[in-house]
Amino acid sequence: MQADGLIERLPPPLLKLIVTAGRLADKSGIKVYLVGGIVRDLMLGRPPVDIDIMAEGDAVRLARQMAQEPGARLTVHSAFGTASIKIDGFGIDLATCRSEDYMYPGALPRVRAGGIRDDLQRRDFTINAMAVCINTSNRGELTDLFGGRQDLAEGLVRVLHNKSFQDDATRMMRAVRYEQRLGFKLENSTSKLLKRSLDMLDTISGDRLKNEFVLWLNESRPEKILRRAGRLGVLGKLHPALKWDLPMSTAFRRAASGGGTTMSRLYFCLLVYNLDEEELYELLGRLNLTGSRLDLLSHQSLELKGKCGELDRLVIKRSALYFTLREYDTTAIEANRYYAKAPNLRRNLGLYLDRLRHIKTSLGGNELLKLGVKEGPKLGTILKKLLGARLDGAAQSKCDEVRLARRLAGI
Ligand code: ATP
């Protein structure tokens with residue numbers, strides 16, 4: 001089967017390198033293919049991100065030859081027999097075709113060298129299991145053993161065989177991710193297999209779950225994935241207390257339009273916002289996130305949630321608001337802002353995030369020393385009071401600050 005014009009959809013610098021790779025492979029007498037996500041995305045007309053190349057032969061040798069091209073930068077991962085090339089902002093990963101089998105559910109696969117057919121058989125979904133040959137004489141020849149092209153046309157995510165989720169339960173998380181990203185549907189029997197295989201998620205290590213979880217959060221619409229994962233029971237398998245509900249949906253919608261400092265971290269805080277301390281502790285442990293940045297931020301977010309009652313006031317001194325919230329990372333405050341139902345609370349958190357946290361005094365420590373303030377704890381106290389006066393409008397200029405600093409220092 002031919003996939004005419006597919007490779008030609010690559011941006012020019014990539015296309016040039018791929019054509020070169022085909023020529024080099026011809027000379028070495030090996031077959032080389034584009035595989036997986038790049039074939040899927042080219043067929044869908046989506047912009048290419050990274051490229052995977054599989055060689056029925058020595059992939060590292062081929063990569064070394066390709067890297068002679070101008071602008072190409074090579075990294076060899078000797079331990080894995082793989083290589084990566086960076087060119088023009090794109091990444092190309094090269095590996096040798098392999099076959100895999102699983103000793104037991106959730107185990108990492110046993111890997112052996114193989115041909116392109118073996119390589120496609122170990123993959124997750126039909127839409128990710130196609131290969132396009134790039135050798136000069138066979139360029140554009142499509143290997144589609146499982147009807148991936150048809151499934152792409154029909155918008156279906158389908159596993160390759162009935163044991164797929166048992167072999168690797170992270171595929172359930174991947175299935176939901178592709179389904180929601182591409183606006184597809186889980187094919188009927190795949191959906192049934194998934195629901196029947198949920199317990200297999202227990203066989204997956206924390207690190208692997210974490211990786212897939214982070215991929216969810218880095219998608220452009222993670223709320224769609226989380227909602228769907230909630231309905232399918234995948235979310236509840238990660239922790240029984242994780243539920244997708246209307247307030248969460250509202251918070252995600254607000255966050256998506258309001259933005260945040262680091263969106264994936266904010267989404268994590270929103271997702272765990274309704275867990276109690278113990279549930280959060282268990283979830284972080286399960287995802288091997290204990291001690292991570294997400295651990296810190298989600299704990300801060302819950303701690304601040306406990307203080308929100310104090311901040312839900314029509315009239316609040318700006319300095320008091322500032323010094324309470326200064327203790328928290330912006331992401332933890334954003335999470336509380338997007339969940340806040342009370343208008344005063346929402347306004348106060350927004351006031352801090354949008355304005356107060358950017359306010360600075362004109363005088364710094366050095367200026368205070370020049371004014372004659374002695375070094376020591378008092379200097380810190382004066383700086384804090386100057387900032388408070390700035391926030392509350394009691395000092396509006398550098399002159400005001402100088403006057404206030406002198407008065408506070410008694411000079
Ligand atoms: P994207 O990066 O757009 O999410 P991708 O298809 O490039 O999609 P990767 O995670 O980079 O995804 O994986 C590359 C390919 O490796 C996939 O297309 C798929 O064929 C295969 N693959 C990845 N993870 C698994 C898995 N758990 N089981 C089977 N095959 C997998």
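The values are calculated or read from the model by the stated rules, or taken from the named source; none is laboratory data. Given the structure is predicted, the values throughout are model-derived calculations rather than measurements. Glycine gets a Cβ as well: all are built from the backbone with ideal geometry, and neighbour counts include every protein chain shown.
When you go through (1) free of Cβ contacts under 8 Å to residues at least 24 places away in the same chain; (2) surrounded by 15 or more Cβ atoms within 10 Å (Cβ to Cβ); (3) more than 16 Å from the ligand (Cβ to nearest atom) one by one for Leu15, which number turns out not to apply?
With respect to (1) free of Cβ contacts under 8 Å to residues at least 24 places away in the same chain; (2) surrounded by 15 or more Cβ atoms within 10 Å (Cβ to Cβ); (3) more than 16 Å from the ligand (Cβ to nearest atom), Leu15 is out only on (2).
Given the options Arg355, Arg403, Arg390, Arg346, name the one that is within 24 Å of Tyr267 (Cβ to Cβ) and of a type in the set (D, E, K, R). Break it down stepwise before answering.
Details: Arg355 fails: within 24 Å of Tyr267 (Cβ to Cβ); Arg403 fails: within 24 Å of Tyr267 (Cβ to Cβ); Arg390 fails: within 24 Å of Tyr267 (Cβ to Cβ).
Going through Arg355, Arg403, Arg390, Arg346 in turn, the sole match is Arg346.
Identify the single condition in (1) out of contact with any helix residue (DSSP H, G or I) (no Cβ under 7 Å at 6 or more places or on another chain); (2) within 15 Å of the ligand (Cβ to nearest atom); (3) part of a strand (DSSP E or B); (4) modelled with pLDDT of 90 or more that Val39 does not satisfy, given that it satisfies every other one.
The number of the failed condition is (3).
Checking the condition within 12 Å of His239 (Cα to Cα) and surrounded by fewer than 19 Cβ atoms within 10 Å (Cβ to Cβ), which residue from Glu278, Glu303 passes? Before you say what the answer is, go through the steps one by one.
Values: Glu303 fails: within 12 Å of His239 (Cα to Cα).
After ruling out the rest, the residue left standing is Glu278.
If Glu141 passes every condition in (1) closer than 30 Å to Asp199 by Cβ; (2) in the same structural domain as Leu34 (by TED's automatic domain parsing); (3) among the acidic types (Asp, Glu) but one, which one does it miss?
(1)
For the stretch 261-274, indicate whether the set of residues that are buried (at least 19 other Cβ atoms within 10 Å of the Cβ) and either within 16 Å of the ligand (Cβ to nearest atom) or at positive phi (or both) is non-empty. Even if it seems obvious, please write down each step before you answer.
In the first step, residues of the stretch 261-274 are kept if they are buried (at least 19 other Cβ atoms within 10 Å of the Cβ); the result is 265-273.
Adding the requirement that they be either within 16 Å of the ligand (Cβ to nearest atom) or at positive phi (or both) leaves none.
There is no residue in the stretch 261-274 that is buried (at least 19 other Cβ atoms within 10 Å of the Cβ) and either within 16 Å of the ligand (Cβ to nearest atom) or at positive phi (or both).
Every residue, every condition in (1) farther than 23 Å from Ile53 by Cα; (2) over 25 Å from the mean Cα position of the chain (by Cα), yes or no:
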| position | (1), (2) |
| --- | --- |
| Gln121 | no, yes |
| Glu141 | no, yes |
| Asp144 | no, yes |
| His161 | yes, yes |
| Gly183 | yes, no |
| Leu186 | yes, no |
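For residues in the stretch 52-65 being crowded, with 20+ Cβ neighbours inside 10 Å and in a helix (DSSP H, G or I), which is nearest to the ligand (Cβ to nearest atom)?
Going through the qualifying residues, I end up with Ala59.
Residue check, Lys185 against (1) without any contact (Cβ under 8 Å) to a residue 40 or more places away in the chain; (2) surrounded by fewer than 21 Cβ atoms within 10 Å (Cβ to Cβ); (3) within 15 Å of the ligand (Cβ to nearest atom); (4) not polar (S, T, N, Q), all met but one. Which one?
Among (1) without any contact (Cβ under 8 Å) to a residue 40 or more places away in the chain; (2) surrounded by fewer than 21 Cβ atoms within 10 Å (Cβ to Cβ); (3) within 15 Å of the ligand (Cβ to nearest atom); (4) not polar (S, T, N, Q), the lone unmet condition for Lys185 is (3).
Pick out, from the stretch 66-178, the strands (runs of 3 or more DSSP E) lying fully within it that include 2 or more residues that are more than 10 Å from the ligand (Cβ to nearest atom) and surrounded by fewer than 22 Cβ atoms within 10 Å (Cβ to Cβ).
On the way: elements: 73-77, 82-87, 90-96, 98-101, 110-113, 130-133, 142-144.
Answer list for the stretch 66-178: 73-77, 82-87, 90-96, 98-101, 110-113, 142-144.
Looking at Leu193, is it of a type in the set (A, V, I, L, M), away from the ligand (no atom under 14 Å from the Cβ) and free of Cβ contacts under 8 Å to residues at least 60 places away in the same chain? Break it down stepwise before answering.
Details: of a type in the set (A, V, I, L, M): yes; away from the ligand (no atom under 14 Å from the Cβ): yes; free of Cβ contacts under 8 Å to residues at least 60 places away in the same chain: yes.
Here the answer is yes, as Leu193 does meet what is asked.
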